[in-house]
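Visitor: Dropping the structure in here first, questions after.
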Amino acid sequence: MVTHLQEQRKDSELLSSFQEFFAGKMNLARIKFLVILIQALCKVQTVSLYKLATAFDGGRDHMASHRRIQRFFAAYVLNLDLVARFIFFLLPEKDSLVLSMDRTNWKFGDTDINVLTLAVAYKGVGFPILFTMLPKRGNSNTEERINLMDRFVRLFGKKCIDCLTADREFVGSKWIGYLNSMRIRYHIRIKENFWVHNPKSSEKVRVRHLFHGVHVNEEKWLPNIYLVKGEYCYLAAARYINRDGNAELQVIISYNKPEQSVQKYKLRWQIECAFKAMKSSGFNIEDTHLYILERVERLFAVICIALCWAYLVGLAKHYNLKPIKTLPNGYLAKSFVKYGLEEIAHVLYNQSYISKINIFKIFDIY
């Protein structure tokens with residue numbers, strides 16, 4: 001069992017890392033609370049407030065801890081731009097970033113929780129940089145997407161962006177026009193039955209007919225520009241076998257460099273890995289009983305930080321100590337996030353275990 005004194009020492013080690021960034025930007029008491037909360041998340045790997053409280057303060061009165069957690073999510077105004085800057089600061093690389101935009105959603109009772117997220121793809125996971133809670137079910141709209149991209153540009157600039165990737169939901173005349181006008185490179189999938197126009201010949205054609213000769217595991221990109229929903233784009237496509245065992249055509253529109261489209265678009269799946277880590281293979285966010293959007297927003301932000309910490313620890317352990325086993329299909333047996341969570345929990349729960357990675361030096365882990 002971890003003693004209270006040992007718990008304090010571990011808190012102080014991680015606190016010193018957090019203070020390097022948050023000092024002067026957040027009240028010290030709030031920084032300390034955030035550190036304890038994140039450690040508790042990584043211990044119990046669930047968002048149940050009651051279980052989180054049991055992991056607080058070395059076994060002190062968990063009901064008092066439970067009330068502290070409730071007050072934090074109910075009343076504390078967490079600066080989400082500051083959280084975004086912190087996660088960006090943790091990125092091992094900060095140039096030529098591949099961004100991915102997608103939604104994750106779940107239900108609590110009759111309430112839909114719907115989160116539009118912008119993440120940075122990096123070695124198997126998307127670092128969730130920015131997000132917005134959608135007060136509705138279903139797809140995001142153009143204004144919500146533009147607001148998220150504008151916020152990224154305001155915080156970090158455009159020069160660090162290599163491209164944006166997104167799935168078929170994220171298509172529309174105004175949205176693509178915005179990306180074109182901002183000169184933000186993108187690789188976005190569209191439906192294969194879309195009509196496109198050749199501006200040179202004025203020919204109108206279903207986009208799938210332009211790629212009818214593409215075979216399974218083949219790629220093709222077109223050198224000429226086309227009009228898609230009234231906006232100029234380049235086109236590329238690949239054919240692959242989907243989960244149902246059927247051949248499926250994947251058509252991608254791009255601002256430029258269509259020869260890179262297919263490979264860049266493949267990185268989009270890393271944001272789905274982040275969502276999976278937040279849910280069933282990590283923090284089980286779907287188990288939360290929070291449903292007021294402002295409170296869910298704070299929880300989501302805290303989980304984003306915890307996810308990034310766990311990922312960096314898992315990555316460091318994989319490359320520097322013990323590689324994760326590779327399965328016969330070529331995939332790793334577990335994610336970097338899960339690997340990191342195991343190491344963090346082992347350190348926090350076992351007083352005799354000394355990790356060869358200083359998991360508390362969060363800026364120096366990898």
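Where a number appears in this text, it was derived from the coordinates with a stated rule and is not lab data. The structure displayed is predicted, hence computed values, not measured ones. Please note: Cβ atoms are built from the backbone with ideal geometry, for glycine as well, and neighbour counts cover all protein chains shown.
Visitor: Per the Kirkwood formula on distinct C-alpha pairs, the Rh of the range 58-202 is how many angstrom? Mind showing how you got there, number by number?
Guide: Numbers: mean 1/r = 0.0566 Å⁻¹.
When all Cα pairs of the range 58-202 are included, the Kirkwood radius is 17.7 Å.
Visitor: Express the C-alpha Rg of the range 114-168 as a ratio against the empirical globular expectation 2.2 N^0.38 Å, rounded to two decimals.
Guide: Values: Rg = 11.7 Å, N = 55, 2.2 N^0.38 = 10.1 Å.
This ratio for the range 114-168 stands at 1.16.
Visitor: What percentages make up the Cα-Cα pair-distance distribution of the chain when the bins are 10 Å wide from 0?
Guide: 5, 23, 30, 23, 12, 6, 1, 0
Visitor: Sticking with this structure for a sec: Give me P(r) over the range 256-345, computed from all C-alpha to C-alpha distances, binned every 5 Å, as integer percentages.
Guide: Per 5 Å bin, starting at 0, the Cα pair percentages come out as 3, 12, 18, 19, 17, 12, 10, 6, 2, 0.
Visitor: If the cut-off is 16 Å between C-alpha atoms, which lysines fall inside it for Lys338, apart from same-chain ones fewer than 8 positions away?
Guide: Counting by Cα, and skipping residues close in sequence, Lys338 has these lysines nearby: Lys43, Lys123, Lys276, Lys279, Lys317, Lys322, Lys325.
Visitor: Continuing with the same structure: Per 5 Å bin from zero, what fraction in whole % of the C-alpha pairs of the range 8-126 is there, up to the bin with the longest pair?
Guide: 2, 9, 15, 18, 20, 18, 12, 5, 1, 0
Visitor: Further, regarding this structure: Per residue, how big is the convex hull of the range 173-256 when only Cα atoms are used? Give it in Å³. Don't skip to the end; give the middle numbers.
Guide: Numbers: hull volume 8.1 nm³, N = 84.
Cα convex hull per residue, to the nearest whole number: 97 Å³.
Visitor: Would you look at the GNM of the chain, springs on alpha carbons closer than 10 Å, and say which of Gly330, Gly172, Gly124 moves the most?
Guide: Gly330
Visitor: While we're on this one: Which order do peptides 16-24, 36-44, 94-102 fall in by mean Cβ count within 10 Å, highest first?
Guide: Numbers: 16-24: 15.2, 36-44: 22.3, 94-102: 19.4.
Per-residue mean Cβ counts within 10 Å order the peptides as 36-44, 94-102, 16-24.
Visitor: Now for a separate question. Given Lys107/Lys257; Lys136/Lys229; Lys159/Lys266, which pairs have Cα atoms separated by over 31 Å? Mind showing how you got there, number by number?
Guide: Numbers: Lys107/Lys257 39 Å; Lys136/Lys229 26 Å; Lys159/Lys266 22 Å.
Those over the limit are Lys107/Lys257.
Visitor: Rank Ile225, Pro258, Val296 by how far each Cα sits towards the positive end of the charge dipole of the range 181-296 (+1 on Lys, Arg Cβ; -1 on Asp, Glu Cβ) and give me just the farthest.
Guide: Ile225
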